[in-house]
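Everything on this sheet refers to the single structure shown next.
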Amino acid sequence: METPPFLAACRRQPAPYTPVWLMRQAGRYLPEYRAIREKTGFLELCRTPDLAAQVTVDTAVRLRVDAAIIFADILLVLDPMGAGLEFARGDGPTIRHPVRTAADVDRLRDPEPGALEYVAEAVRRARGALPPAIPLIGFAGAPFTLASYLIEGGGSRLYARTKAFIATDPGAWRALMQKLARAVTAYLDAQVEAGADAVQLFDSWVGCLSPDDYRTHVLPHVRAVVGSVRRGTPVIHFGTGTAGLLEGMRAAGGDVIGLDWRVDLDAAWSRLGHDVAVQGNLDPVALLAPVAEIRRRAAAILGQAAGRPGHIFNLGHGVLPQTPVDHVHALVDAVHELSAR
Ligand code: CP3
(Lines give C-alpha, C1' and ligand atoms only; values in the text may rest on other atoms or scores of the structure.)
Protein backbone atom coordinates (compact mmCIF):
# COMPACT_ATOMS: atom_id res chain seq x y z
CA MET A 1 0.00 0.00 0.00
CA GLU A 2 1.07 3.60 -0.67
CA THR A 3 2.30 5.52 2.35
CA PRO A 4 -0.64 7.60 3.65
CA PRO A 5 -0.10 11.32 2.80
CA PHE A 6 0.08 12.29 6.48
CA LEU A 7 2.95 9.87 7.21
CA ALA A 8 4.68 10.81 3.94
CA ALA A 9 4.59 14.48 4.99
CA CYS A 10 5.93 13.63 8.48
CA ARG A 11 8.92 12.08 6.70
CA ARG A 12 9.20 14.94 4.18
CA GLN A 13 8.34 12.61 1.31
CA PRO A 14 6.21 13.83 -1.62
CA ALA A 15 2.45 13.26 -1.32
CA PRO A 16 -0.32 13.57 -3.95
CA TYR A 17 -1.83 16.46 -1.93
CA THR A 18 -1.14 18.28 1.33
CA PRO A 19 -2.56 16.23 4.22
CA VAL A 20 -4.80 18.04 6.70
CA TRP A 21 -6.18 17.31 10.15
CA LEU A 22 -7.32 19.68 12.89
CA MET A 23 -6.40 19.90 16.54
CA ARG A 24 -9.59 19.39 18.60
CA GLN A 25 -11.31 17.99 15.54
CA ALA A 26 -13.48 15.93 17.92
CA GLY A 27 -15.05 18.57 20.13
CA ARG A 28 -18.01 20.66 21.11
CA TYR A 29 -18.47 22.29 17.67
CA LEU A 30 -19.77 18.87 16.49
CA PRO A 31 -23.45 18.13 17.28
CA GLU A 32 -22.63 14.39 17.43
CA TYR A 33 -20.03 15.08 20.14
CA ARG A 34 -22.40 17.30 22.11
CA ALA A 35 -25.02 14.52 21.98
CA ILE A 36 -22.57 12.03 23.52
CA ARG A 37 -21.57 14.59 26.17
CA GLU A 38 -25.25 15.07 27.17
CA LYS A 39 -25.06 11.57 28.63
CA THR A 40 -21.39 11.17 29.55
CA GLY A 41 -18.95 13.33 31.52
CA PHE A 42 -15.71 14.33 29.79
CA LEU A 43 -13.42 12.19 31.98
CA GLU A 44 -15.83 9.27 31.80
CA LEU A 45 -15.75 9.55 28.00
CA CYS A 46 -11.94 9.51 28.04
CA ARG A 47 -11.99 6.47 30.35
CA THR A 48 -14.41 4.41 28.24
CA PRO A 49 -12.27 2.92 25.44
CA ASP A 50 -15.23 1.93 23.25
CA LEU A 51 -16.67 5.44 23.26
CA ALA A 52 -13.31 7.22 22.99
CA ALA A 53 -12.39 5.05 19.99
CA GLN A 54 -15.79 5.65 18.39
CA VAL A 55 -15.49 9.44 18.75
CA THR A 56 -11.95 9.30 17.31
CA VAL A 57 -12.86 7.20 14.28
CA ASP A 58 -16.27 8.68 13.44
CA THR A 59 -14.90 12.22 13.53
CA ALA A 60 -11.97 11.52 11.22
CA VAL A 61 -14.11 9.60 8.73
CA ARG A 62 -16.88 12.23 8.72
CA LEU A 63 -14.45 15.14 8.25
CA ARG A 64 -12.43 13.32 5.54
CA VAL A 65 -9.22 14.43 7.25
CA ASP A 66 -5.90 12.65 6.68
CA ALA A 67 -5.26 11.65 10.30
CA ALA A 68 -7.25 10.74 13.39
CA ILE A 69 -6.12 11.79 16.89
CA ILE A 70 -7.02 9.59 19.82
CA PHE A 71 -9.76 11.08 21.99
CA ALA A 72 -8.10 11.74 25.34
CA ASP A 73 -6.55 14.70 27.17
CA ILE A 74 -3.03 15.87 28.01
CA LEU A 75 -3.98 16.15 31.69
CA LEU A 76 -5.03 12.50 32.19
CA VAL A 77 -1.48 11.53 33.13
CA LEU A 78 -1.57 13.88 36.14
CA ASP A 79 -4.35 12.00 37.93
CA PRO A 80 -2.41 8.77 38.63
CA MET A 81 0.47 10.98 39.80
CA GLY A 82 -1.80 12.07 42.65
CA ALA A 83 -2.68 15.58 41.46
CA GLY A 84 -6.46 15.16 41.57
CA LEU A 85 -7.81 16.09 38.12
CA GLU A 86 -11.32 17.48 37.69
CA PHE A 87 -13.31 18.89 34.81
CA ALA A 88 -16.29 20.79 36.16
CA ARG A 89 -19.14 21.34 33.71
CA GLY A 90 -18.57 24.40 31.53
CA ASP A 91 -15.24 25.16 33.22
CA GLY A 92 -11.69 24.32 32.34
CA PRO A 93 -9.67 21.69 34.22
CA THR A 94 -8.83 21.97 37.93
CA ILE A 95 -5.94 20.38 39.84
CA ARG A 96 -7.13 19.60 43.37
CA HIS A 97 -3.60 19.29 44.84
CA PRO A 98 -1.44 21.97 43.17
CA VAL A 99 2.35 21.72 43.32
CA ARG A 100 3.76 24.77 45.09
CA THR A 101 6.85 23.51 47.00
CA ALA A 102 9.72 21.04 46.69
CA ALA A 103 7.83 18.77 49.15
CA ASP A 104 4.82 18.80 46.79
CA VAL A 105 7.12 17.65 43.97
CA ASP A 106 8.40 14.81 46.14
CA ARG A 107 4.84 13.70 46.88
CA LEU A 108 4.01 13.30 43.16
CA ARG A 109 4.09 9.62 42.23
CA ASP A 110 5.21 7.87 39.09
CA PRO A 111 1.94 6.54 37.58
CA GLU A 112 1.44 2.82 38.28
CA PRO A 113 2.07 0.76 35.14
CA GLY A 114 -1.33 0.31 33.57
CA ALA A 115 -2.91 3.35 35.24
CA LEU A 116 -3.60 4.75 31.76
CA GLU A 117 -4.34 1.38 30.18
CA TYR A 118 -7.75 2.75 29.14
CA VAL A 119 -6.01 5.13 26.69
CA ALA A 120 -3.91 2.29 25.25
CA GLU A 121 -7.10 0.23 24.86
CA ALA A 122 -8.83 3.13 23.07
CA VAL A 123 -5.81 3.38 20.73
CA ARG A 124 -6.03 -0.37 19.97
CA ARG A 125 -9.75 -0.17 19.22
CA ALA A 126 -9.48 3.02 17.17
CA ARG A 127 -6.55 1.63 15.14
CA GLY A 128 -8.54 -1.55 14.52
CA ALA A 129 -11.60 0.37 13.32
CA LEU A 130 -9.90 3.04 11.19
CA PRO A 131 -9.39 2.60 7.46
CA PRO A 132 -5.72 1.62 6.88
CA ALA A 133 -5.15 4.84 4.90
CA ILE A 134 -5.91 7.03 7.95
CA PRO A 135 -3.02 7.12 10.44
CA LEU A 136 -3.78 7.45 14.15
CA ILE A 137 -1.98 10.09 16.23
CA GLY A 138 -1.28 9.44 19.92
CA PHE A 139 -0.36 12.39 22.12
CA ALA A 140 0.82 13.71 25.45
CA GLY A 141 1.42 17.06 27.09
CA ALA A 142 5.02 18.22 27.18
CA PRO A 143 6.60 18.52 30.65
CA PHE A 144 6.43 22.34 30.79
CA THR A 145 2.74 22.59 29.87
CA LEU A 146 1.85 19.80 32.32
CA ALA A 147 3.91 21.48 35.06
CA SER A 148 2.08 24.76 34.41
CA TYR A 149 -1.28 23.09 35.15
CA LEU A 150 0.14 21.41 38.26
CA ILE A 151 1.58 24.63 39.64
CA GLU A 152 -1.18 27.07 38.64
CA GLY A 153 -3.90 24.57 39.66
CA GLY A 154 -5.58 25.05 36.27
CA GLY A 155 -5.28 27.35 33.29
CA SER A 156 -3.53 30.71 33.59
CA ARG A 157 -2.98 33.95 31.71
CA LEU A 158 0.48 34.96 32.93
CA TYR A 159 1.96 31.72 34.33
CA ALA A 160 3.36 33.84 37.14
CA ARG A 161 3.41 31.01 39.71
CA THR A 162 5.10 28.66 37.22
CA LYS A 163 7.80 31.16 36.24
CA ALA A 164 8.35 32.17 39.86
CA PHE A 165 8.81 28.46 40.74
CA ILE A 166 11.51 28.12 38.07
CA ALA A 167 13.33 31.25 39.22
CA THR A 168 12.99 30.48 42.95
CA ASP A 169 13.76 26.77 43.18
CA PRO A 170 15.43 25.54 39.97
CA GLY A 171 16.40 22.28 41.67
CA ALA A 172 12.81 21.38 42.56
CA TRP A 173 11.73 22.49 39.06
CA ARG A 174 14.27 20.12 37.54
CA ALA A 175 13.01 17.25 39.72
CA LEU A 176 9.43 18.04 38.65
CA MET A 177 10.35 18.12 34.94
CA GLN A 178 12.23 14.83 35.27
CA LYS A 179 9.22 13.18 36.91
CA LEU A 180 6.89 14.49 34.22
CA ALA A 181 9.28 13.48 31.42
CA ARG A 182 9.39 9.93 32.83
CA ALA A 183 5.61 9.69 33.05
CA VAL A 184 5.11 11.12 29.53
CA THR A 185 7.72 8.79 28.07
CA ALA A 186 5.96 5.72 29.46
CA TYR A 187 2.57 7.07 28.37
CA LEU A 188 3.68 7.71 24.76
CA ASP A 189 5.42 4.37 24.65
CA ALA A 190 2.18 2.61 25.64
CA GLN A 191 0.27 4.45 22.90
CA VAL A 192 2.84 3.52 20.23
CA GLU A 193 2.85 -0.07 21.48
CA ALA A 194 -0.96 -0.08 21.15
CA GLY A 195 -0.82 1.07 17.52
CA ALA A 196 -0.42 4.86 17.32
CA ASP A 197 1.25 5.66 13.97
CA ALA A 198 2.67 9.02 15.10
CA VAL A 199 2.65 11.06 18.31
CA GLN A 200 2.20 14.75 19.05
CA LEU A 201 3.77 16.45 22.04
CA PHE A 202 1.64 19.44 23.10
CA ASP A 203 3.70 22.22 24.68
CA SER A 204 0.72 24.52 24.29
CA TRP A 205 1.74 27.26 26.73
CA VAL A 206 5.55 27.21 26.46
CA GLY A 207 5.44 30.46 24.46
CA CYS A 208 5.17 32.41 27.74
CA LEU A 209 8.87 31.75 28.44
CA SER A 210 11.98 33.71 27.50
CA PRO A 211 14.32 31.93 25.08
CA ASP A 212 16.88 31.64 27.86
CA ASP A 213 14.47 30.01 30.34
CA TYR A 214 13.34 27.69 27.55
CA ARG A 215 16.89 26.56 26.75
CA THR A 216 17.91 26.10 30.38
CA HIS A 217 14.77 24.82 32.09
CA VAL A 218 12.67 23.13 29.39
CA LEU A 219 14.67 22.03 26.34
CA PRO A 220 16.65 19.18 27.98
CA HIS A 221 13.46 17.57 29.26
CA VAL A 222 11.66 17.78 25.91
CA ARG A 223 14.75 16.34 24.27
CA ALA A 224 14.64 13.38 26.70
CA VAL A 225 10.99 12.69 25.83
CA VAL A 226 11.40 13.03 22.06
CA GLY A 227 14.53 10.88 22.12
CA SER A 228 12.67 8.09 23.90
CA VAL A 229 9.97 7.62 21.25
CA ARG A 230 10.45 4.42 19.30
CA ARG A 231 12.50 4.99 16.13
CA GLY A 232 10.40 5.28 13.00
CA THR A 233 7.39 6.77 14.81
CA PRO A 234 7.13 10.43 13.72
CA VAL A 235 6.98 13.01 16.54
CA ILE A 236 5.13 16.31 16.08
CA HIS A 237 6.40 18.97 18.51
CA PHE A 238 3.75 21.67 18.95
CA GLY A 239 3.48 24.93 20.86
CA THR A 240 1.78 28.32 20.55
CA GLY A 241 3.26 31.79 20.82
CA THR A 242 6.62 30.25 20.00
CA ALA A 243 8.01 32.86 17.56
CA GLY A 244 10.89 33.48 19.97
CA LEU A 245 11.52 29.80 20.64
CA LEU A 246 11.57 28.12 17.23
CA GLU A 247 15.31 27.42 17.18
CA GLY A 248 15.09 26.03 20.72
CA MET A 249 12.14 23.79 19.84
CA ARG A 250 14.01 22.55 16.79
CA ALA A 251 17.02 21.75 18.95
CA ALA A 252 14.80 19.90 21.44
CA GLY A 253 13.63 17.66 18.61
CA GLY A 254 10.70 16.36 16.60
CA ASP A 255 10.22 15.30 12.99
CA VAL A 256 7.52 17.96 12.58
CA ILE A 257 7.35 21.36 14.28
CA GLY A 258 3.85 22.76 14.92
CA LEU A 259 3.42 26.47 14.14
CA ASP A 260 0.69 28.88 15.16
CA TRP A 261 -0.65 31.80 13.11
CA ARG A 262 1.53 34.44 14.79
CA VAL A 263 4.38 33.50 12.43
CA ASP A 264 4.54 33.38 8.63
CA LEU A 265 4.88 29.72 7.74
CA ASP A 266 7.55 30.34 5.09
CA ALA A 267 9.72 32.51 7.36
CA ALA A 268 9.36 30.08 10.26
CA TRP A 269 10.23 27.11 8.04
CA SER A 270 13.38 28.89 6.83
CA ARG A 271 14.41 29.53 10.43
CA LEU A 272 13.81 25.90 11.39
CA GLY A 273 15.55 24.60 8.29
CA HIS A 274 13.96 22.60 5.51
CA ASP A 275 15.34 19.37 6.97
CA VAL A 276 12.36 19.27 9.33
CA ALA A 277 8.63 19.11 8.48
CA VAL A 278 6.12 21.75 9.64
CA GLN A 279 2.46 21.65 10.67
CA GLY A 280 0.04 24.57 10.63
CA ASN A 281 -0.87 27.30 10.74
CA LEU A 282 -4.33 28.80 10.07
CA ASP A 283 -5.79 30.99 12.83
CA PRO A 284 -8.74 28.97 14.30
CA VAL A 285 -10.77 32.20 14.25
CA ALA A 286 -10.50 32.22 10.44
CA LEU A 287 -13.03 29.35 10.47
CA LEU A 288 -15.67 31.84 11.68
CA ALA A 289 -15.27 33.84 8.43
CA PRO A 290 -17.23 33.17 5.20
CA VAL A 291 -16.11 30.13 3.20
CA ALA A 292 -14.61 32.27 0.40
CA GLU A 293 -12.30 33.92 2.93
CA ILE A 294 -11.40 30.54 4.49
CA ARG A 295 -10.40 29.29 1.04
CA ARG A 296 -8.37 32.43 0.37
CA ARG A 297 -6.47 32.02 3.65
CA ALA A 298 -5.88 28.30 3.10
CA ALA A 299 -4.50 29.11 -0.36
CA ALA A 300 -2.17 31.73 1.16
CA ILE A 301 -0.71 29.17 3.60
CA LEU A 302 -0.33 26.55 0.86
CA GLY A 303 1.41 29.24 -1.20
CA GLN A 304 3.92 29.79 1.59
CA ALA A 305 4.58 26.05 1.83
CA ALA A 306 5.17 26.22 -1.94
CA GLY A 307 4.49 22.52 -2.54
CA ARG A 308 7.61 21.54 -0.60
CA PRO A 309 7.32 18.00 0.83
CA GLY A 310 6.87 18.04 4.61
CA HIS A 311 3.90 20.35 5.16
CA ILE A 312 0.92 19.10 7.16
CA PHE A 313 -1.96 21.55 7.07
CA ASN A 314 -3.61 22.25 10.45
CA LEU A 315 -4.89 25.15 12.50
CA GLY A 316 -2.41 27.01 14.67
CA HIS A 317 -4.40 25.77 17.71
CA GLY A 318 -7.63 23.85 18.39
CA VAL A 319 -11.01 24.25 16.67
CA LEU A 320 -13.17 26.72 18.64
CA PRO A 321 -16.56 25.48 19.98
CA GLN A 322 -18.48 28.17 18.02
CA THR A 323 -17.06 26.98 14.65
CA PRO A 324 -19.69 26.08 12.00
CA VAL A 325 -19.23 22.43 10.98
CA ASP A 326 -19.66 23.22 7.28
CA HIS A 327 -16.74 25.64 7.49
CA VAL A 328 -14.53 22.81 8.75
CA HIS A 329 -15.64 20.66 5.80
CA ALA A 330 -14.96 23.58 3.44
CA LEU A 331 -11.43 23.97 4.80
CA VAL A 332 -10.59 20.27 4.43
CA ASP A 333 -11.94 20.25 0.86
CA ALA A 334 -10.09 23.48 0.00
CA VAL A 335 -6.74 22.11 1.21
CA HIS A 336 -7.17 18.89 -0.77
CA GLU A 337 -8.33 20.66 -3.91
CA LEU A 338 -5.86 23.55 -3.91
CA SER A 339 -2.84 21.36 -3.15
CA ALA A 340 -3.56 18.47 -5.56
CA ARG A 341 -0.40 17.72 -7.53
O1 CP3 B 1 -9.82 16.05 18.88
C2 CP3 B 1 -8.75 16.13 19.51
O3 CP3 B 1 -7.89 17.00 19.29
C4 CP3 B 1 -8.39 15.01 20.48
C5 CP3 B 1 -8.64 15.22 21.83
C6 CP3 B 1 -7.96 16.31 22.67
C7 CP3 B 1 -8.63 16.92 23.75
N8 CP3 B 1 -7.73 17.68 24.44
C9 CP3 B 1 -10.05 16.70 24.09
C10 CP3 B 1 -10.74 17.71 24.91
C11 CP3 B 1 -6.65 16.80 22.67
C12 CP3 B 1 -5.53 16.54 21.68
C13 CP3 B 1 -6.53 17.66 23.80
C14 CP3 B 1 -5.26 18.31 24.19
C15 CP3 B 1 -5.27 19.30 25.28
N16 CP3 B 1 -6.02 19.28 26.43
C17 CP3 B 1 -4.42 20.41 25.34
C18 CP3 B 1 -3.38 20.74 24.31
C19 CP3 B 1 -4.01 21.40 23.15
C20 CP3 B 1 -4.41 22.81 23.41
O21 CP3 B 1 -5.61 23.09 23.32
O22 CP3 B 1 -3.50 23.59 23.71
C23 CP3 B 1 -4.70 21.10 26.52
C24 CP3 B 1 -4.05 22.39 27.00
C25 CP3 B 1 -5.70 20.37 27.21
C26 CP3 B 1 -6.28 20.69 28.53
C27 CP3 B 1 -7.73 20.94 28.45
N28 CP3 B 1 -8.68 19.98 28.18
C29 CP3 B 1 -8.39 22.17 28.64
C30 CP3 B 1 -7.71 23.49 28.95
C31 CP3 B 1 -9.76 21.92 28.50
C32 CP3 B 1 -10.86 22.90 28.74
C33 CP3 B 1 -11.02 23.86 27.64
C34 CP3 B 1 -12.03 23.34 26.67
O35 CP3 B 1 -11.80 23.46 25.47
O36 CP3 B 1 -13.06 22.85 27.15
C37 CP3 B 1 -9.92 20.56 28.16
C38 CP3 B 1 -11.18 19.86 27.87
C39 CP3 B 1 -11.28 19.10 26.58
N40 CP3 B 1 -10.29 18.30 26.06
C41 CP3 B 1 -12.40 19.03 25.73
C42 CP3 B 1 -12.09 18.15 24.69
C43 CP3 B 1 -12.96 17.70 23.56
C44 CP3 B 1 -13.73 19.71 25.97
C45 CP3 B 1 -14.40 18.99 27.06
C46 CP3 B 1 -15.89 19.00 26.94
O47 CP3 B 1 -16.44 18.11 26.25
O48 CP3 B 1 -16.51 19.85 27.57
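Measuring nothing but protein heavy atoms, the accessible surface of segment 191-341 at 1.4 Å probe radius is 52 percent carbon and sulfur. Multiplying the residue separation of ASP264 and THR3 by 0.36 nm and subtracting their alpha-carbon distance yields 91.1 nm.
Calculate, for the chain, the solvent-accessible area per residue in square angstrom, rolling a 1.4 angstrom probe over the heavy atoms of the protein chains.
Per-residue value: 40 Å².
If I stretch the segment between ALA133 and ARG215 completely, what's the gain in nm (0.36 nm per residue apart, minus their alpha carbon distance), one decimal? That works out to 25.7 nm of additional length. Say R0 is 41 Å: what FRET efficiency, to the nearest 0.05, do VAL285 and ALA102 get from their beta-carbon distance? It comes to 0.50.
With the simple spin-label model, which puts each label point 7 Å out from Cα in the Cβ direction, the GLU86 to ARG161 separation comes to 1.4 nm. Sparse packing (at most 13 other Cβ atoms within 10 Å of the Cβ) combined with a DSSP loop state is found for the following trypsin sites (Lys or Arg not before Pro) in segment 178-258: ARG230, ARG231. Here's the picture: charge each Lys and Arg Cβ at +1 and each Asp and Glu Cβ at -1 in segment 1-64, and of TRP21, VAL57, PHE42 the one pushed furthest to the positive end of that dipole is TRP21.
Between ALA299 and LEU43, residue separation times 0.36 nm minus the direct Cα-Cα distance comes to 88.4 nm.
With contacts taken as Cα pairs under 8 Å and at least 6 residues apart, segment 5-339 reaches a relative contact order of 22 percent. All other residues whose Cβ lies under 10 angstrom from that of ALA115 are scored, Lys and Arg at +1 and Asp and Glu at -1, for a net of -3.
Summing Lys and Arg as +1 and Asp and Glu as -1 over all other residues whose Cβ lies under 14 Å from the Cβ of ALA306 gives a net charge of +1.
Other residues within the sphere of radius under 10 Å centred on the Cβ of GLU86, judged by their own Cβ, net out at -1 (K and R +1, D and E -1). Summing Cβ point charges (Lys, Arg +1; Asp, Glu -1) relative to the Cα centre of segment 5-339 gives a dipole of roughly 180 debye.
The values are calculated or read from the model by the stated rules, or taken from the named source; none is laboratory data. No experiment lies behind these values; they were computed from the predicted model shown. Cβ sites come from the backbone with ideal geometry, for glycine too, and all protein chains shown count toward neighbours. Calculation scope for accessible area: heavy atoms of the full protein, side chains included, ligands and nucleic acids excluded. Shrake-Rupley method; radii C 1.70, N 1.55, O 1.52, S 1.80 Å.
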